[in-house]
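> Pasting in a structure now, in structure tokens, and then I'll have a few things to ask.
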Ligand SMILES: [Zn+2]
């Protein structure tokens, strides 16, 4: 129980720390590219080197693929819901149509609200990953929790950056309050989800744990490639994001091997 509280609490506090960091001093784009790159590498490493192999040890190959697919579809569905069913990249042929659609049908709230609300909902899947990881083995849960803490630090940075941008970069009391409120909501969502995940799964059968761990892995993979890789690449200088991604991945190679 102590491990659970420490892991879930640490990862929850990380999102508040990220928001506070963004407010304390506007981070440079180089710093942001390295932070997002490192988080991408750590998450990709956690998903591929730790979570999926642990899932494969416990569930059949079909159950692992089905579980991971469910995780991807869950987060994709949430993405669609928040954006009112229309998604397109800025370089897509459909971008003009989709952005015109979004001008007529505002996404649910402004940029910061969409990000923070969406992130809070995504924390449910991250909480599931922590809960399932701890139920599998304490070390596995701790490693997943550490990776999610880094991810949440970046989410906090993004939320702080967006709230600041929406106020014309003025660091008013309202901006500080709004950033901290959102980041606390994200952290609280993760904390509650981790607790719930662990309580529900601590006595679960191994194949069930394996499949749910794969669900967490699929959701985290979707989040990484849609929310961590693009902002890192968009701000990179001399390949900073890619190099940081490798460092994050190499760190997980070392840690998973040691665990
Ligand atoms: Zn998160």
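The values are calculated or read from the model by the stated rules, or taken from the named source; none is laboratory data. The shown structure was predicted, so the numbers you read here are calculated from the model rather than taken from an experiment. Note that we place each Cβ from the backbone using ideal geometry, even for glycine, and neighbour counts take in every protein chain shown.
> Which of the helices (runs of 4 or more DSSP H) found entirely inside region 1-71 contain at least 3 residues meeting this: at pLDDT below 95 and farther than 18 Å from residue 140 by Cα? Quick ask: steps written out before the conclusion?
Values: elements: 2-24, 29-45, 52-58.
Hits in region 1-71: 2-24, 29-45.
> Answer with yes or no whether residue 67 is farther than 17 Å from residue 201 by Cβ and buried (at least 18 other Cβ atoms within 10 Å of the Cβ). Walk me through it before giving the result.
Details: farther than 17 Å from residue 201 by Cβ: no; buried (at least 18 other Cβ atoms within 10 Å of the Cβ): yes.
Answer is no for this residue.
> In the set 168, 210, 218, 187, which member is within 16 Å of the ligand (Cβ to nearest atom) and either under 16 Å from residue 46 (Cα atoms) or free of Cβ contacts under 8 Å to residues at least 40 places away in the same chain (or both)? Don't jump to the end; show me each part of the working.
Working: 168 fails: within 16 Å of the ligand (Cβ to nearest atom); 210 fails: within 16 Å of the ligand (Cβ to nearest atom); 187 fails: either under 16 Å from residue 46 (Cα atoms) or free of Cβ contacts under 8 Å to residues at least 40 places away in the same chain (or both).
The conditions single out 218.
> Kindly establish whether residue 44 is more than 25 Å from residue 192 (Cβ to Cβ), under 21 Å from the mean Cα position of the chain (by Cα) and either away from the ligand (no atom under 14 Å from the Cβ) or in contact (Cβ under 8 Å) with a residue 24 or more places away in the chain (or both). Please lay out each step first, then the result.
Numbers: more than 25 Å from residue 192 (Cβ to Cβ): yes; under 21 Å from the mean Cα position of the chain (by Cα): yes; either away from the ligand (no atom under 14 Å from the Cβ) or in contact (Cβ under 8 Å) with a residue 24 or more places away in the chain (or both): yes.
Yes: the conditions hold for residue 44.
Listed here are the residues, each with its yes/no results for (1) touching a strand residue (DSSP E or B) at 6+ places or on another chain (Cβ under 6 Å); (2) closer than 19 Å to residue 216 by Cα; (3) more than 16 Å from the ligand (Cβ to nearest atom).
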position: 78; (1), (2), (3): no, yes, no
position: 82; (1), (2), (3): no, no, no
position: 90; (1), (2), (3): no, no, yes
position: 97; (1), (2), (3): no, no, yes
position: 104; (1), (2), (3): no, no, yes
position: 115; (1), (2), (3): no, no, no
position: 123; (1), (2), (3): no, yes, no
position: 132; (1), (2), (3): no, yes, no
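> Being in a helix (DSSP H, G or I) and closer than 15 Å to residue 226 by Cα is the filter here; which residues of region 72-115 pass it?
Correct list: 72, 73, 74, 75, 76, 77, 78, 79, 80, 82, 114, 115.
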